[in-house]
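The values are calculated or read from the model by the stated rules, or taken from the named source; none is laboratory data. All of these numbers come straight from a predicted model, not from anything done at the bench. For neighbour counting, all protein chains shown are included, and Cβ atoms are generated from backbone atoms with ideal geometry for every residue, glycine included. Calculation scope for accessible area: heavy atoms of the full protein, side chains included, ligands and nucleic acids excluded. Shrake-Rupley method; radii C 1.70, N 1.55, O 1.52, S 1.80 Å.
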Amino acid sequence: MTEKREDYILVGSDRRKNLRVQLLVLRIKGEAGVEGDKNVFFGYAKNLSRSGMFISTVNPRRTNDEFDITFKLPDGGGEAKCRCRVMWTRDYNPKTRLEGGMGIHFIDLDGKVADRINDWAEKEEEERKRRKVAVEKAEEKEEEEGGK
């Protein structure tokens, strides 16, 4: 099955140690804490980098929990599988704009897959900058034409 761009919704970006690009991942599979009890976990990865992701969920796992995940790669190149560790959690609070969820760190993500994520993130960042410049130029042109 080929991934389509419509499968992912870009909602912004932000710079940290590793370039991160926010996106919506359709599905994340994981193993439940009970041995042999497998489940499908639907979460939204809002921030992805070569080293981990933030998963928006109302039921985050506990800090330091480890589990296996499978997630779709944003470049349309299939799925990635690795072990991850919950580094931090944030409970949902309706009084703030921050989403509840958990920050996970990839423990054994294949280096080639990490490089693909990084390459994708860099391309998306460049595209975001290009769109921003185009919008700014269009606004300047509109202001100039309005002043004539």
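Some values worked out for this structure:
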quantity: Residue count, the stretch 83-103 (criterion: open to solvent by less than 10 Å² (accessible area, probe 1.4 Å) and hydrophobic (A, V, I, L, M, F, W, C)); calculated: 3
quantity: Cross-chain or 6+ apart pairs with Cβ under 8 Å, the stretch 92-107 first and over 14 Å from residue 53 (Cα atoms), then open to solvent by less than 10 Å² (accessible area, probe 1.4 Å); calculated: 92/100; 93/100
quantity: Of all residues making up the stretch 104-129, the number that are touching a strand residue (DSSP E or B) at 6+ places or on another chain (Cβ under 7 Å), over 22 Å from residue 64 (Cβ atoms) and crowded, with 18+ Cβ neighbours inside 10 Å; calculated: 4
